[in-house]
Each structure stands twice: as C-alpha cells, then as structure tokens.
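Undergrad: Provided herewith is a single structure, encoded as structure tokens, for subsequent inquiry.
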C-alpha cells in the first residue's frame with residue numbers, strides 16, 4: 001500500500017522530525033491536531049489541521065477532535081469493497097493510509113503523582129480509537145505507535161517506492177493491541193485504588 005495520506009498526532013515528539021520530513025519528501029499529505037500541528041509547523045513540515053479536513057472544530061478542550069466519520073471512515077474502509085467506496089465518495093471521505101499516534105502518557109502522569117481530575121484528563125480516547133481502527137484494517141493502513149519503529153517504516157517505504165508491506169503492517173497492528181491492553185490495564189489499576197470521589201463530582 002503506497003502511503004498518500006497520514007494522520008500524525010503524538011504526545012511524544014521523539015524522532016518525529018525525521019519521519020515527518022521523510023513523509024513530506026514522499027509527497028504524503030499530513031493531517032494533524034493541536035500541539036502536534038504546532039510542532040510540525042515549527043520544523044517547516046506542511047500539514048493540514050484535522051478540523052479543516054473534517055469541517056468540524058476541536059471542541060470540549062480537545063476532548064473531541066478526531067472522533068469523526070471523515071477520520072474513521074478514511075481509516076476503516078475496505079478498498080476492495082464497492083459499497084464502502086461508494087460511501088466514501090458520497091460523503092467526501094478521503095483514504096487515510098497511515099496513522100502515527102502515541103497516547104496521552106497516563107502511566108507517566110499518575111506515576112509522578114497527580115490529582116484525580118488530572119488523571120482522568122490523561123485518559124486518551126481519540127488516540128486508542130484511531131490506532132485500533134487502523135490495526136483492524138491493517139490490510140490497507142499502516143499504524144505506527146512507537147518512535148522505535150519510525151526507521152523501519154522509512155526503510156520499508158524507501159525499498160518499496162513509498163509503499164509499506166503487509167508483513168510490516170501486520171507486525172505494527174499486533175503492537176497496537178498489546179499497547180491498548182496495557183494502557184487500559186494501567187487505567188483500571190489506578191481507578192481500582194481510588195476510594196474517595198466526592199470532590200470530583202462537585203461542580
């Protein structure tokens with residue numbers, strides 16, 4: 001699958017400059033959000049704000065920004081399914097070929113000590129939704145959640161004229177489900193230790 005369009009939305013910017021410039025050199029259209037877009041702008045990488053693509057603004061302090069049919073339809077559609085492609089055309093949805101996402105650092109935040117409200121705000125929703133969707137559709141979509149994999153992705157694309165291989169996509173998809181399993185367990189473990197909620201529910 002040749003990579004033509006990617007979403008980049010990361011909390012960990014390690015190694016991102018090299019990957020983003022690489023994708024730009026391969027004429028990949030990059031969609032991005034909030035702080036990641038500001039970072040990409042600062043290093044001279046052209047990108048499109050997700051809200052410009054969806055036609056819907058980020059709302060609720062960023063809690064809702066990528067949860068949109070034009071994002072998830074672009075990720076989840078089956079390229080060989082005529083009905084899916086008809087829906088893509090009808091609703092002006094573009095194919096999204098790559099997701100580069102790492103999640104809010106929940107374990108780091110609670111590990112350093114924080115109040116309950118801050119812990120809750122560091123439960124990522126949009127990120128897990130996107131990477132799970134991409135992993136489910138690994139036949140067509142490359143999902144990258146770990147900066148340690150950036151070089152492998154670039155090497156495979158170099159060797160395949162801007163495309164990734166099914167072997168790479170499958171390997172990266174498996175990492176997603178390990179990541180989300182571990183992420184949800186960390187949240188469960190934290191919440192299981194909470195005994196006082198009164199202050200959280202005071203408006």
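A short reminder: the numbers here are calculations on the coordinates, not readings from a lab. Please read all numbers here as calculations on a predicted model, not as lab measurements. Because the Cβ atoms are built from the backbone with ideal geometry, glycine has one as well, and the counts that use them run over all protein chains shown.
Undergrad: Where residues in the stretch 1-10 are touching a helix residue (DSSP H, G or I) at 6+ places or on another chain (Cβ under 8 Å) and not in a loop (DSSP other than H, G, I, E, B), which of them is surrounded by the fewest Cβ atoms within 10 Å (Cβ to Cβ)? Full working, then the answer.
TA: Filtering the stretch 1-10 for residues touching a helix residue (DSSP H, G or I) at 6+ places or on another chain (Cβ under 8 Å) gives 1, 3, 5-10.
If we keep only those that are not in a loop (DSSP other than H, G, I, E, B) as well, we get 5-9.
Numbers: 5: 17, 6: 24, 7: 27, 8: 24, 9: 22.
Only one residue fits best here, namely 5.
Undergrad: Hey, could you check the stretch 78-111 for residues that are touching a residue at least 12 places away in the same chain (Cβ under 8 Å) and surrounded by fewer than 14 Cβ atoms within 10 Å (Cβ to Cβ) and say which is farthest from residue 35 (Cα to Cα)? First the steps, then the outcome.
TA: Keep residues of the stretch 78-111 that are touching a residue at least 12 places away in the same chain (Cβ under 8 Å), which gives 78-79, 87-88, 91-107, 109-110.
Applying the additional criterion that residues be surrounded by fewer than 14 Cβ atoms within 10 Å (Cβ to Cβ) yields 78, 91-92.
Numbers: 78: 31, 91: 28, 92: 26 Å.
Only one residue tops the list, namely 78.
Undergrad: A further question on this structure: Hey, could you check the stretch 151-167 for residues that are in contact with a strand residue (DSSP E or B) (Cβ under 7 Å, 6 or more places away or on another chain) and assigned to a helix (DSSP H, G or I) and say which is nearest to residue 60 (Cα to Cα)?
TA: The residue in question is 153.
Undergrad: Turning to a different aspect of this structure: Of the residues 164, 142, which single one is in contact (Cβ under 8 Å) with a residue 40 or more places away in the chain, surrounded by 12 or more Cβ atoms within 10 Å (Cβ to Cβ) and either on the phi > 0 side of the Ramachandran plot or over 15 Å from the mean Cα position of the chain (by Cα) (or both)?
TA: Numbers: 142 fails: either on the phi > 0 side of the Ramachandran plot or over 15 Å from the mean Cα position of the chain (by Cα) (or both).
When all the criteria are applied, what remains is 164.
Undergrad: I need a count of the residues in the stretch 124-138 that are in contact (Cβ under 8 Å) with a residue 60 or more places away in the chain and either buried (at least 19 other Cβ atoms within 10 Å of the Cβ) or outside any helix (DSSP H, G or I) (or both).
TA: Step one: of the stretch 124-138, the residues in contact (Cβ under 8 Å) with a residue 60 or more places away in the chain are 125-127, 129-130, 133, 136-137.
Subsequent filtering for residues that are either buried (at least 19 other Cβ atoms within 10 Å of the Cβ) or outside any helix (DSSP H, G or I) (or both) retains 125-127, 130, 133, 137.
Qualifying residue count, the stretch 124-138: 6.
Undergrad: Would you check if residue 3 is touching a strand residue (DSSP E or B) at 6+ places or on another chain (Cβ under 9 Å) and under 19 Å from residue 132 (Cα atoms)?
TA: On the way: touching a strand residue (DSSP E or B) at 6+ places or on another chain (Cβ under 9 Å): yes; under 19 Å from residue 132 (Cα atoms): yes.
Considered against the rule, which asks whether it is touching a strand residue (DSSP E or B) at 6+ places or on another chain (Cβ under 9 Å) and under 19 Å from residue 132 (Cα atoms), residue 3 comes out as yes.
Undergrad: Taking the stretch 11-34 only, how many residues are outside any helix (DSSP H, G or I) and in contact with a strand residue (DSSP E or B) (Cβ under 8 Å, 6 or more places away or on another chain)?
TA: 6
Undergrad: Hey, another quick one. Restricting to the stretch 56-82, name every residue that is in contact with a strand residue (DSSP E or B) (Cβ under 9 Å, 6 or more places away or on another chain) and assigned to a helix (DSSP H, G or I).
TA: 71, 74, 75
Undergrad: Something else now. Could you check, for the stretch 35-53, whether at least one of its residues is farther than 29 Å from residue 158 by Cα, in a helix (DSSP H, G or I) and in contact with a helix residue (DSSP H, G or I) (Cβ under 9 Å, 6 or more places away or on another chain)? Break it down stepwise before answering.
TA: Within the stretch 35-53, the first condition is being farther than 29 Å from residue 158 by Cα, and the residues that meet it are 51-52.
Narrowing further to those that are in a helix (DSSP H, G or I): 51-52.
In the following step, the residues that additionally are in contact with a helix residue (DSSP H, G or I) (Cβ under 9 Å, 6 or more places away or on another chain) were identified as none.
No, that holds for no residue.
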